[in-house]
Amino acid sequence: MLIEATPIVFDCPQNAKDAPGNILKLSVKRYCTLQSAGSPNGLTLLFAHCVGAHKEQWEPTIQRIFELRGAQVHEAWALDWQTHGDSAVLNQKLLETSPSRVYGVSASEWAEGIAAFLRSAHMHGKRIVAVGHSAGAGAMVLPTQEFSLTALPYAALVLIEPTIITREHFYRNIDDRVATMEFVVAATAARRTRWRSREEAQAWLARRIPWDSWDARVVRLLSTQGLADEPGGGVVLKCAPNQEALAYADTAPHFAAAEQLGLIARAVPVHLVWASDSLVPDWVQDSFGDGSGGRVAASTATIEGAHQIVQENPDAVADAICAVLDTLRALRPRL
């Protein structure tokens with residue numbers, strides 16, 4: 001099936017951290033097929049990636065969704081965090097030269113950009129299913145803070161391996177949480193970032209943890225879409241390791257998303273997808289479905305893989321999303 005991908009650049013809201021007129025940008029891609037383009041009343045899927053990833057890593061999942069549920073889906077959109085993927089390239093000068101950007105771009109600020117995108121003409125009148133992986137799950141929940149409970153922008157939320165956690169749970173088990181965070185930050189700092197060519201990068205990545213457990217299509221997309229050409233030759237990761245590390249250490253958005261999820265979970269169906277070898281402890285997973293703080297799940301699924309399930313098992317992720325889409329067939333389009 002041939003999928004058409006159309007890139008756009010979206011201006012984020014002016015942030016107080018930046019001088020007037022200095023605005024961060026979001027790189028976004030729209031995906032559709034000839035069949036789906038003719039179904040304007042179909043669903044619009046909106047995807048947010050995890051820390052260290054980029055929007056194109058969703059493409060194998062999007063491809064399978066169109067193959068399985070093309071009649072139900074009008075279009076799919078995927079967004080790059082302001083410090084990741086093509087967004088990082090667009091924002092490089094501001095990120096590197098502005099003193100106020102020493103702490104990078106919080107997932108909360110990414111959510112502000114997503115909220116603005118949800119209010120834009122691109123999403124007007126659309127029936128949106130938001131899909132977020134890991135930190136991207138919180139980034140999809142937080143935009144609902146800018147909408148009333150009677151006018152939420154989503155028909156459904158699909159949260160894949162969400163790292164959303166209450167402040168109480170985090171600090172009750174702070175030693176474990178901090179140890180995990182420090183390990184990931186240290187691994188990020190030590191990561192190789194440059195290669196002589198995309199071919200060399202793909203071969204190198206495919207032989208090493210964690211990329212050796214990824215689907216080959218996603219590894220290839222990292223080498224073709226997640227790397228930027230350097231002026232002197234060679235390629236480099238679009239997401240700088242320091243920006244990735246800053247995102248891991250930023251816990252406040254996870255706490256805020258947990259609170260917000262408790263407010264919206266009875267107003268919009270929230271579907272959870274966990275990996276069989278999940279990074280998220282069982283006691284955190286249980287807190288999503290026990291009704292505490294208002295957090296309830298419309299459904300819960302478990303699929304084979306580890307925390308980077310979108311990269312490891314994109315077809316199973318697509319199947320889980322399709323199961324959610326099937327629950328929305330009878331609903332009327334949003335106005």
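Key figures
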| read-out | value |
| --- | --- |
| Filter result (closer than 20 Å to Val89 by Cα and either under 15 Å from the mean Cα position of the chain (by Cα) or touching a residue at least 12 places away in the same chain (Cβ under 8 Å) (or both)) within region 2-18 | Ala5, Thr6, Pro7, Ile8, Val9, Phe10, Asp11, Cys12, Pro13, Asn15, Lys17, Asp18 |
| Residue list for region 184-209, restricted to those being in contact (Cβ under 8 Å) with a residue 12 or more places away in the chain and within 16 Å of Ala245 (Cβ to Cβ) | Val184, Val185, Thr188, Ala189, Arg191, Arg192, Thr193 |
| Which numbered condition Ile209 fails, given (1) modelled with pLDDT under 95; (2) in a helix (DSSP H, G or I); (3) out of contact with any Phe, Trp or Tyr (no Cβ under 8 Å at 6 or more places or on another chain) | (2) |
| Lone unmet requirement of (1) assigned to a helix (DSSP H, G or I); (2) surrounded by 17 or more Cβ atoms within 10 Å (Cβ to Cβ) for Thr150 | (2) |
| Test: residue in region 189-197 that is under 22 Å from the mean Cα position of the chain (by Cα), in a helix (DSSP H, G or I), farther than 23 Å from Cys322 by Cβ and modelled with pLDDT under 95 | yes |
| Exclusive hit being in contact (Cβ under 8 Å) with a residue 12 or more places away in the chain, surrounded by fewer than 24 Cβ atoms within 10 Å (Cβ to Cβ), of a type in the set (Lys, Arg) and within 23 Å of Ile321 (Cα to Cα), set Arg69, Arg101 | Arg69 |
| Within region 34-86, considering residues that are part of a strand (DSSP E or B) and under 10 Å from the mean Cα position of the chain (by Cα), the one farthest from Tyr248 (Cα to Cα) | Leu46 |
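For every residue, the table says whether it meets (1) acidic (Asp, Glu); (2) farther than 27 Å from Thr44 by Cβ; (3) outside any helix (DSSP H, G or I).
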site	(1), (2), (3)
Val158	no, no, yes
Arg177	no, yes, no
Val184	no, yes, no
Glu199	yes, yes, no
Ala203	no, yes, no
Arg217	no, no, no
Leu221	no, no, no
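A quick yes/no check of all residues on (1) in contact with a strand residue (DSSP E or B) (Cβ under 9 Å, 6 or more places away or on another chain); (2) touching a residue at least 24 places away in the same chain (Cβ under 8 Å); (3) more than 22 Å from Val310 (Cβ to Cβ):
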residue	(1), (2), (3)
Ala137	yes, yes, no
Met140	yes, yes, no
Ala151	no, no, yes
Tyr154	yes, yes, no
Phe170	no, yes, yes
Glu182	no, no, yes
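The values are calculated or read from the model by the stated rules, or taken from the named source; none is laboratory data. Please read these numbers as outputs of a predicted model, since none were measured by experiment. Here the Cβ is made from the backbone with ideal geometry for all residues, glycine too, and neighbour counts use every protein chain on show.
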